[in-house]
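A quick write-up on the structure given underneath.
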Amino acid sequence: MSAVDPPPRHVPFQDLEASYRELKEELDAAYQRFMGSGWYVLGEEVASFEREYAAYCAALHCVGVGHGLDALRLALDACEIGPGDEVIVPSNTYIATWLAVSQVGATIVPVEPEPATFNIDPRRIASAVTARTKAVLPVNLYGQPCDYDPILEIAGDHGLRVIIDNAQAHGAQYKGRPVGGIADVECHSFYPTKNLGAFGEAGAVTTNDPVIADRIRVLRNYGSRIRYQNEQIGYNSRLDELQAGFLRVKLRKLDDWNARRREIAVEYREGLNDVDDLLLPATADWAEHAWHLFVIRHPRRDELQTTLGEAGIQTLIHYPIPPHRSGAYAGSSVSDAALPIADELSQDVLSLPMGPFLDEAATAAVVRAVRELA
Ligand SMILES: *Cc1c(COP(=O)(O)O)cnc(C)c1O
């Protein structure tokens with residue numbers, strides 16, 4: 001090391017507390033407003049967040065629910081998907097996408113991604129459609145919108161619903177349109193690590209279809225529209241009033257925070273585009289990527305992760321076990337499906353530190369360490 005080298009520094013994967021430090025006054029005010037309101041479930045904060053988030057997504061309706069998994073489950077239920085129906089899902093995703101399909105009793109039909117973008121390959125969808133297929137459930141993985149147009153076209157040809165898992169791409173755009181208001185139903189998680197994250201559990205469904213929005217409103221509240229009149233076997237999955245208040249504050253910062261994520265992606269791309277054996281994530285030219293994660297691929301991924309860790313750079317793997325290899329699906333017919341792309345990705349993907357509070361010195365330290373160790 002020469003005198004001009006900066007000292008090695010610890011770079012955490014992300015800093016969750018930083019958003020509280022930045023917005024402390026407004027978040028504390030939201031908390032106090034909530035405590036003094038005397039109304040703690042499905043009140044003004046939820047109603048206001050639903051209006052504001054629907055507008056943000058350019059969707060006609062938003063219904064707040066308990067978390068992202070329930071957003072998916074209630075969306076499937078509202079689309080009347082259940083036992084005997086097939087749902088096309090990406091082979092590579094966080095397992096929640098699959099679990100929601102299993103929870104409503106439908107059958108999972110995994111379809112492989114385009115390895116460069118990590119998103120479901122629209123060219124593989126049509127051949128996976130059968131007489132039983134009811135819906136396609138793509139994921140906007142790592143913050144990048146899936147290719148909506150060809151997917152909506154195939155769905156239109158076969159009379160399928162398109163339900164989007166948008167847990168990871170709040171604020172992304174597809175051909176200039178915000179995600180959330182494009183497909184039949186779009187499902188959002190506000191788990192604390194997401195681009196728009198609560199300080200606890202939270203989720204929402206957005207849609208332009210008033211019937212689906214109405215069904216989800218009833219489903220999330222015991223199947224009830226009028227107190228003690230239960231039309232159906234519903235759930236209790238209401239967006240928490242306090243979390244809604246926090247989300248309203250954070251939603252106003254989301255575009256700024258996503259802009260910083262985009263800068264980080266540029267810093268990584270410029271710093272790492274010539275490293276041997278390293279594959280950088282591809283962005284489609286129509287995508288405004290929300291950079292939930294910056295995922296690289298490397299043939300000696302485990303070794304790279306270990307040495308980066310020793311150098312103080314925290315990385316994560318999204319995801320080390322593809323859903324079909326997980327214990328949850330052991331013994332089911334999908335467990336022996338041939339899904340070589342999902343298998344391969346689980347072996348070589350690595351997520352670099354990412355988040356709006358990562359400064360340039362931190363990304364420079366990551367670039368330096370990866371260049372040295374990869
Ligand atoms: C986080 C996530 C979910 C689940 O969200 P929760 O709020 O944790 O239930 C679903 N799908 C994907 C792709 C996710 O990343």
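Computed values, structure above
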read-out	value
P(r) of segment 271-374 over all Cα-Cα pairs, binned every 5 Å from zero, in whole percent	2, 11, 19, 21, 17, 13, 9, 5, 2, 0
Share, in percent, of DSSP beta bridges within the chain that are antiparallel, nearest 5	65 percent
Sites LEU279 and THR193 - FRET efficiency at Förster radius 22 Å, r taken between beta-carbons, to 0.05	0.40
Separation in nanometres of the label points that stand 7 Å from Cα toward Cβ, at ASP359 and HIS158	5.1 nm
The chain: relative contact order in percent, alpha carbon pairs under 8 Å with at least 6 residues between	22 percent
Spatial extent of the chain: Rg and Dmax, with the Cα atoms as the point set, Å	21.0, 74
Global size of segment 1-80 as Cα Rg and Dmax, reported in angstrom	20.3, 66
Rg ratio (alpha-carbon, reference 2.2 N^0.38 Å) - segment 71-219	0.95
Distance (nanometres) between label positions extended 7 Å along Cα→Cβ at GLU303 and GLU22	3.8 nm
Distance histogram in 5 Å bins (all Cα pairs of segment 38-83, percent per bin)	5, 19, 20, 24, 19, 8, 4, 1, 0
Listed residue pairs exceeding 25 Å between alpha carbons, taken from LYS24/LYS194; LYS24/LYS175; LYS194/LYS253	LYS24/LYS175
Listed residue (LEU72, GLY38, HIS61) projecting farthest to the positive dipole end of segment 1-135, Cβ model	LEU72
Chymotrypsin sites (Phe, Trp or Tyr not before Pro) within segment 205-302, DSSP loop, no more than 15 other Cβ atoms inside 10 Å	TYR228, TRP286
For segment 31-155, the spread of Cα positions along each principal axis, largest first, Å	56, 32, 25
Taking only Cα atoms of segment 210-267, radius of gyration then Dmax in Å	17.9, 56
Space enclosed by the convex hull of the alpha-carbon atoms of segment 180-242, per residue, Å³	95 Å³
Magnitude of the charge dipole, the chain, Cβ model with Lys/Arg +1 and Asp/Glu -1, debye to 20	820 debye
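Read the figures in this text as sums done on the coordinates, not as results from a lab. The structure presented is a predicted model; accordingly, all values stated were derived computationally and were not measured. All Cβ positions, even for glycine, are placed from backbone atoms using ideal geometry, and neighbour counts span all protein chains on display.
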